[in-house]
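The values are calculated or read from the model by the stated rules, or taken from the named source; none is laboratory data. These figures come from a predicted structure and were not determined experimentally. With ideal geometry, Cβ positions are generated from the backbone for all residues, glycine too; neighbour counts draw on all protein chains shown.
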Amino acid sequence: MELLVQLILLPPLLVAAFNGMMGLFAPGYRTNEWLIGGLATAAVALPFVVTVSIFLGFHHEPEIVRYFTWMAAGDLTVDFAYRIDQLSLIMTLIVTGVGALIHLYSIGYMKGDPGYWRFFAYLNLFIFAMLNLVLAENLPVLFLGWEGVGLCSYLLIGFWYTDLKNSAAANKAFIVNRIGDFAFLLAMFILFQAVTGFFDGPFGLDFTTLLSADTLGALGNGTLLAVALLFFIGATGKSAQIPLFVWLPDAMAGPTPVSALIHAATMVTSGLYLLARLSPMILLAPTAMVVIAIVGALTAIMAATIAITQNDIKRVLAYSTVSQLGYMFLAAGVGAFFVAIFHVMTHAFFKACLFLGSGSVIHAMHDVEHELEHKGLVPGHGGEHRDEHAAPPRYADLPYEGGFDAQDMRTMGGLRKYMPITAITFGIATIAIAGIPPLAGFFSKDEILFKAFEYGYNGHPYAYFVWIIGIVTAILTAIYMTRAYLLTFEGRERWPDAMDTKPHESPWTMWVPLAVLAFFSVIGGFFGLPAVLGESWIHHWLGSEYGGPVAEPLHELHVSHSLEWGLLIFGALWAALGVFYAWTQWGRRGLEADASLKRRLGFLYGIFSTKYKVDEFYDATVVKPIVEGSRRGLAPFDQNWVDGTVNGVATLVRGIAGRLRGIQTGVVQNYALAVVLGVAVVIALMIFV
Amino acid sequence: MDLALNWYLSLSAVLFTIGVLGVLLRRNAIVIFLSIELMLNAVNLSLVAFSQAFGDVDGQILVFFVMSVAAAEAAVGLAIVIALFRNKLTVNVNEINLFRG
Amino acid sequence: MLEPFLFFLFAVLAVVGALGMLISRNPVQSALWMVMTLFAVACLYLTLNAQFIGVVQILVYAGAIMVLFLFVIMLLNLEATPRLGGLDWKKGVAFVLGVAVLAQLLVILSLRLNAAPTLLPAAEAADATSVENLGLALLTEHAFSLEIIGVLLLAATIGAVLLAKKRFV
């Protein structure tokens, strides 16, 4: 097992180092795109194969692999230890499986980029950090991965760092995540303090000790509440929940495969993973669960309403991701941790598929843009020299201000004709996320809503509240996703000169991952069938009821089968209604439907489309005061006092030295005189003392 | 009267002091060098006297080594004086102040 | 009564030689005064039963090293240093310091070492510090140091040649 875990962890790290070093020091290596991309993909595919083999031979007995002691100080002894159990296995499968597909996709997508080697080095490093996160046996190692994925996320959001906007987005993601990380650290400190109070011997915050019945029983209610809430705050940072979700939409500044891998399928779900891993502890803090459920539900509906009004295809998907993550937290908040993980899995399939599909579209639209630039119909990027006396160039009309934007759905439309594979896979993923049976999204989302209902039924009234919000969000999801599909692939072509400028389908390295992900978006749901339809495999695999690591609350009252059937059918019809409504609007009328929606919603539409002004709110309440305060108060202090002190010391030293150097006459006899003087003094001391 | 060790040591102290004064007062580098040799000799004398007083041969062995080192030092030191003279055309230490700060 | 007589005779010669070296304006004279001191000290070694050291003193110091000094002085054609008018303060300080150190040393000798042993009778000391014992100790116990001294002399020779070469500095 030790070797196998090494085979999972080391290839991404080594290949990241290899590609990074070679690219850095041997510029000739950078052009070997197939070698770089192939190595990187293999470095993720190999761990996937290894994980599958472990997975197939796994017999419900968690295994812990210990390599070496990382740090030891007093009572604290942290080992580099990894845990192979049901939960970490399923997360590893998602990370390496989806990761390998996205690596393959990136070979085609990043073709010709000058930072090709850098991209794959970062991506592999990310996989390594993420594997550390999901396989960790103790919180410090998990935190190492947690910070590692944050770093890689930062590096990849700012991948095209020459554009200041991208750097700003990267900084924002990093800084907002720091807030959550701070809470995470606090939670670890509190736990360490509390557990060492009654636990003898070296303790490294390992899950075996932490989640044992003895430890959990000995922890006080206040401690549990504080720890659960702090871990949740940590999770809100990484998983983009209210109030820390603002970084995720901006994070779309990175290359699209990054959005698919890090900001949809894997990293943003690490908060969920953390909660699921600690589920026995979270369950003991009911107040924290209320907070988790309500924050999740509010995030879900807030992001969904924003998504309806967005025109940038990647922003729609970003808000959709925030909304789906809200669903997962909702599930965690009603004790259905394994359902949350189930949704993590299905979401990884269809959201990765959607992001990669959008990447394929953007890829094509970029070529359209280049062609149009060539024809002089849209302004080019570089400020090319023009004759001042010539007539200003006549640009084609665009449906929005500013230059041509390859990501804006308002210039797309009718793409199904040109890129059929992308359109079909994107369509499958759309109805999967919309919740049309029997695709993946239907089962996972419906299970979340059902669990919320069941929890409410068992005497937790807040669960009804989040259930209702979940239902509203469900139809919103169906609407905005169908809208995105319709505006992109159906209707008439809306880019300039559409008769002569044709987009093209992407190469095989790009559409193969799309097809695979679409296939899993179709069948992924059957891993977690609702109770009335059959046996839920994922429940058996993860649930503590069956010896798994994910705890769940005990329900005394069971919802009757007929009611469960009813909810199931209602969910399906409800989603279908959403899709149908979107079809009647955007399918028939295209962009005009946006205008009529704006009329009908009135001022609400303004709130939605300006994203509830959260960014502006943070700007005014947090960023501005800090920046202004620094400028007014700290900058003068720094320049006058701190710099003044430092420079003053330097000036003083120089002044004294200027005087003292006179002593150094360079005449050796003077030195000898000083030596003899010293001898005389020493002898005098010998005589008189 | 029996000769005490102190007589030899006092003589050694007098010779040593004359050497010190030579180093401090003279400006000719070669004479300073001679003064250093004188200081070495003064110490050697005390060592031999101790050797005699205690009947121990180690003092004389130390003197032997000091002489060897003095010979080496004289060779290198005089070479340096020659090199200096070639550059500065003087052996007056007051005019040689390369170390001035 | 021979021994105190010999001691005082050579002690006076040594001090006179040293003072002569200190006072002479001409470096050649300084070196010659120094030769006298070296001879006197060599004779003192003989009165201390250190025949080997005494002979080496004459061979190496008076013979080799002083010849080297004289050779260099004449090679550089140094003239007598001109008399400077009066004593400057630095010389005064140096003189006072030198005398102070001498006084201190003598005080120490009279205070702390007044209990020091007298010299062993010549016959007893002659056994312990005979040339035979000296040679034995040098070539057995201190053989390694002896070899190292050889290496040091070689290095000094090479260094001296390098330094004195025309193109060096």
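Filter the stretch B:27-36 down to the residues that are free of Cβ contacts under 8 Å to residues at least 40 places away in the same chain and within 7 Å of chain C (Cβ to nearest Cβ) and list them by number. Result: B:Val31, B:Leu34. All conditions in (1) surrounded by fewer than 23 Cβ atoms within 10 Å (Cβ to Cβ); (2) modelled with pLDDT of 90 or more; (3) within 14 Å of chain A (Cβ to nearest Cβ) hold for B:Ser68, with the sole exception of (3). Quick one: would you say C:Leu48 is at pLDDT 90 or above and of a type outside the set (Phe, Trp, Tyr)? Spelling it out, it is not the case that C:Leu48 is at pLDDT 90 or above and of a type outside the set (Phe, Trp, Tyr).
Taking the stretch A:172-283 and the helices (runs of 4 or more DSSP H) fully enclosed by it, the elements with 2 or more residues that are within 22 Å of A:Glu552 (Cβ to Cβ) are at A:207-210, A:213-218, A:221-238, A:270-277, A:279-282. The C-beta contact set for the stretch A:669-685 (first residue more than 8 Å from chain C (Cβ to nearest Cβ), second residue among the acidic types (Asp, Glu), distance under 6 angstrom, 6+ apart or interchain) is empty.
Filtered by the rule that a residue be at pLDDT below 85 and within 9 Å of chain B (Cβ to nearest Cβ), the stretch C:85-116 gives C:Lys90, C:Lys91, C:Ile108, C:Leu109, C:Ser110, C:Leu113, C:Asn114, C:Ala116. Which number in (1) at pLDDT below 70; (2) crowded, with 18+ Cβ neighbours inside 10 Å; (3) not basic (Lys, Arg) marks the one condition that A:Gly383 misses? Of everything listed in (1) at pLDDT below 70; (2) crowded, with 18+ Cβ neighbours inside 10 Å; (3) not basic (Lys, Arg), A:Gly383 misses just condition (2). Looking at this structure, is A:Thr473 more than 22 Å from A:Leu275 (Cβ to Cβ) and of a type in the set (S, T, N, Q)? Considered against the rule, which asks whether it is more than 22 Å from A:Leu275 (Cβ to Cβ) and of a type in the set (S, T, N, Q), A:Thr473 comes out as no. Can you pull out the residues in the stretch A:245-279 that are modelled with pLDDT under 90 and touching a Gly at 6+ places or on another chain (Cβ under 7 Å)? If the condition is that a residue be modelled with pLDDT under 90 and touching a Gly at 6+ places or on another chain (Cβ under 7 Å), then no residue fits. Every residue in the stretch B:73-101 that is facing another protein chain (nearest Cβ under 7 Å) and either β-branched (Val, Ile, Thr) or more than 24 Å from A:Gln669 (Cβ to Cβ) (or both), please. Listed by number, the residues that qualify are B:Val76, B:Ile80, B:Val81, B:Ile82, B:Val91, B:Val93. Where helices (runs of 4 or more DSSP H) sit wholly within the stretch C:1-76, those with at least 1 residues that are farther than 18 Å from B:Ala42 by Cα occupy C:2-23, C:27-47, C:66-76. For the stretch A:589-662, the helices (runs of 4 or more DSSP H) that sit wholly inside it and include 2 or more residues that are under 23 Å from A:Ala303 (Cβ atoms) are A:592-601, A:603-609, A:614-618. Is it the case that some residue within the stretch A:644-656 is within 14 Å of chain B (Cβ to nearest Cβ) and either free of Cβ contacts under 8 Å to residues at least 12 places away in the same chain or exposed (fewer than 11 other Cβ atoms within 10 Å of the Cβ) (or both)? So far as the stretch A:644-656 goes, yes, one or more of its residues are within 14 Å of chain B (Cβ to nearest Cβ) and either free of Cβ contacts under 8 Å to residues at least 12 places away in the same chain or exposed (fewer than 11 other Cβ atoms within 10 Å of the Cβ) (or both). Of the residues making up the stretch A:424-461, those that are part of a helix (DSSP H, G or I) and β-branched (Val, Ile, Thr) are A:Ile424, A:Thr425, A:Ile428, A:Thr430, A:Ile431, A:Ile433, A:Ile448. Taking the numbered list (1) within 13 Å of chain A (Cβ to nearest Cβ); (2) more than 21 Å from C:Leu75 (Cα to Cα) in turn, B:Phe50 passes all entries but (1). Looking at the stretch A:57-71, can you tell me whether even one residue there is assigned to a helix (DSSP H, G or I), out of contact with any His (no Cβ under 9 Å at 6 or more places or on another chain), over 25 Å from A:Thr269 (Cα atoms) and in contact (Cβ under 8 Å) with a residue 60 or more places away in the chain? No, that holds for no residue. Determine if the stretch A:206-224 includes at least one residue that is touching a strand residue (DSSP E or B) at 6+ places or on another chain (Cβ under 7 Å) and surrounded by 21 or more Cβ atoms within 10 Å (Cβ to Cβ). Within the stretch A:206-224 (the criterion being touching a strand residue (DSSP E or B) at 6+ places or on another chain (Cβ under 7 Å) and surrounded by 21 or more Cβ atoms within 10 Å (Cβ to Cβ)), the answer is yes, since at least one residue qualifies.
Within the stretch A:130-151, is there a residue that is among the aliphatic types (A, V, I, L, M) and touching a Cys at 6+ places or on another chain (Cβ under 9 Å)? Yes - at least one qualifying residue is present in the stretch A:130-151.
Each residue in the stretch B:1-26 was checked for being at the interface with another protein chain (Cβ under 7 Å from one of its Cβ atoms), touching a helix residue (DSSP H, G or I) at 6+ places or on another chain (Cβ under 8 Å) and more than 20 Å from B:Ala74 (Cβ to Cβ), and 14 of them qualify.
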